[in-house]
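Comments concern the structure below.
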Amino acid sequence: MEIPIQTKPEATLSPEQLRLIDAYWQAANYPSVGQLHLRDNLLLREPLTPDYIKSIQLGHWGTTPGQNFIYAHLNRVIRSHDLNMIYEK
């Protein structure tokens, strides 16, 4: 099946759409950072103290923000075009 080439650019996103995508992206990044830096209390239900912070990080921030950015925009495209697709890293 050939994917048609889009010759006419779509309208830009509205400020509200951009706000929602940014909120989605930030919400996806938050637990990623928490898993990297915190031992416990990821949702900060208690005041953050040094006891919750890992002394040594295993892993790195790496491509996480980029992957979350792709997920945020793919989610928008999938929903707006009612696509049946899977994104594999």
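Values in this text are rule-based calculations from the coordinates and carry no lab data. Keep in mind that what you see is a predicted model, and the values were worked out from it rather than measured. All Cβ positions, even for glycine, are placed from backbone atoms using ideal geometry, and neighbour counts span all protein chains on display.
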*Just for the range 41-76: of the residues that are aliphatic (A, V, I, L, M) and surrounded by 12 or more Cβ atoms within 10 Å (Cβ to Cβ), which one is farthest from GLN17 (Cα to Cα)?*
ILE53
*Residues within the range 49-78 that are among the small types (Gly, Ala, Ser), part of a helix (DSSP H, G or I) and over 22 Å from THR12 (Cα atoms), tallied*: 0
*asked:* On the basis of being part of a loop (DSSP other than H, G, I, E, B) and under 30 Å from LEU13 (Cα atoms), does ASN29 make the cut?
replied: no
*Among the residues of the range 14-29, write down those that are in contact with a His (Cβ under 9 Å, 6 or more places away or on another chain) and farther than 14 Å from LEU74 by Cβ.*
none
*Taking the condition more than 27 Å from GLU88 (Cβ to Cβ), touching a strand residue (DSSP E or B) at 6+ places or on another chain (Cβ under 9 Å) and surrounded by 11 or more Cβ atoms within 10 Å (Cβ to Cβ), does LEU38 pass?*
yes
